[in-house]
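Asks: Structure below; questions to follow.
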Amino acid sequence: MLVYDTYESPLGILYLTFQKLALAGISFNMPLDISLQKGAAPWNFIGELDSYFKGTGKLFSVETVFLSGTEFQKNVWNALQLIPYGETRSYKWLAAEIGRPGAVRAVGGALSKNPLPIVLPCHRVIKSDSSLGGFACGIGIKKSLLDMESSI
């Protein structure tokens, strides 16, 4: 059974979806699945989000689960954990990291479907020319997250 909770971040309300205690989704938009019940996010994860947005927490320990996605997408999403807090990597780097150096555009497509932004930090992936590229949550939020992380 899936439940959702909300979190008031400095960038707006986050909608958190959980399957038991495993984080299954983070969104800046209300989940479209109207069958979701309101629940409570694990207190330790809320504490980690608080620390992250204060600039004192750099890692998340919450268990995660992918409810959808291809093996390729899951490989891309999992590889995001290799990008250190406050640093960026290119789409090209990420494609090479998962062993698919020619799949740069496909990596971008997988990132656009990342169900766990912030925890799986797709905002840290930029173009090879250092421009921001895209971000499913909006380029303004990507820039804010990168600015927040680099100012610590």
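Asks: What is the residue count in the stretch 49-103 for residues that are within 16 Å of the chain's Cα centre (by Cα) and in a loop (DSSP other than H, G, I, E, B)?
Replies: Residues in the stretch 49-103 being within 16 Å of the chain's Cα centre (by Cα) and in a loop (DSSP other than H, G, I, E, B): 18 in total.
Asks: Do you know which of the residues in the stretch 130-142 that are surrounded by fewer than 20 Cβ atoms within 10 Å (Cβ to Cβ) and within 14 Å of the chain's Cα centre (by Cα) is nearest to Lys92 (Cα to Cα)? Walk me through how you get there before you give the answer.
Replies: Keep residues of the stretch 130-142 that are surrounded by fewer than 20 Cβ atoms within 10 Å (Cβ to Cβ), which gives 130-134, 136, 138-141.
Checking the rest, the ones that are also within 14 Å of the chain's Cα centre (by Cα) come to 134, 136, 138-139, 141.
On the way: Gly134: 14, Ala136: 19, Gly138: 21, Ile139: 19, Ile141: 22 Å.
Out of the qualifying residues, it is Gly134.
Asks: Regarding the stretch 16-27, can at least one residue be identified that is farther than 24 Å from Leu111 by Cβ and more than 16 Å from the chain's Cα centre (by Cα)? Explain how you work it out, then say what you get.
Replies: Initially, the stretch 16-27 is screened for residues farther than 24 Å from Leu111 by Cβ, giving 20-21.
Okay, now just the ones that are also more than 16 Å from the chain's Cα centre (by Cα), so 20-21.
Within the stretch 16-27, one or more residues are farther than 24 Å from Leu111 by Cβ and more than 16 Å from the chain's Cα centre (by Cα).
Asks: Can I ask one more? On the given criteria, is Leu49 without any contact (Cβ under 8 Å) to a residue 40 or more places away in the chain, touching a strand residue (DSSP E or B) at 6+ places or on another chain (Cβ under 7 Å) and not assigned by TED's automatic domain parsing to the domain that holds Arg124?
Replies: Numbers: without any contact (Cβ under 8 Å) to a residue 40 or more places away in the chain: no; touching a strand residue (DSSP E or B) at 6+ places or on another chain (Cβ under 7 Å): yes; not assigned by TED's automatic domain parsing to the domain that holds Arg124: yes.
Against the criterion (without any contact (Cβ under 8 Å) to a residue 40 or more places away in the chain, touching a strand residue (DSSP E or B) at 6+ places or on another chain (Cβ under 7 Å) and not assigned by TED's automatic domain parsing to the domain that holds Arg124), Leu49 does not qualify.
Asks: In the stretch 93-129, what residues are surrounded by fewer than 18 Cβ atoms within 10 Å (Cβ to Cβ) and touching a residue at least 40 places away in the same chain (Cβ under 8 Å)?
Replies: Result: Lys113, single match.
Asks: Of the conditions (1) part of a loop (DSSP other than H, G, I, E, B); (2) closer than 14 Å to Leu145 by Cα, Ser128 satisfies every one except a single condition; which number is it?
Replies: Ser128 satisfies every listed condition except (2).
The values are calculated or read from the model by the stated rules, or taken from the named source; none is laboratory data. Only a predicted model underlies this, so the values are computations on that prediction, with no experimental measurement involved. When we count neighbours, we look across all protein chains shown, and the Cβ atoms used for this are built from the backbone with ideal geometry, even at glycine.
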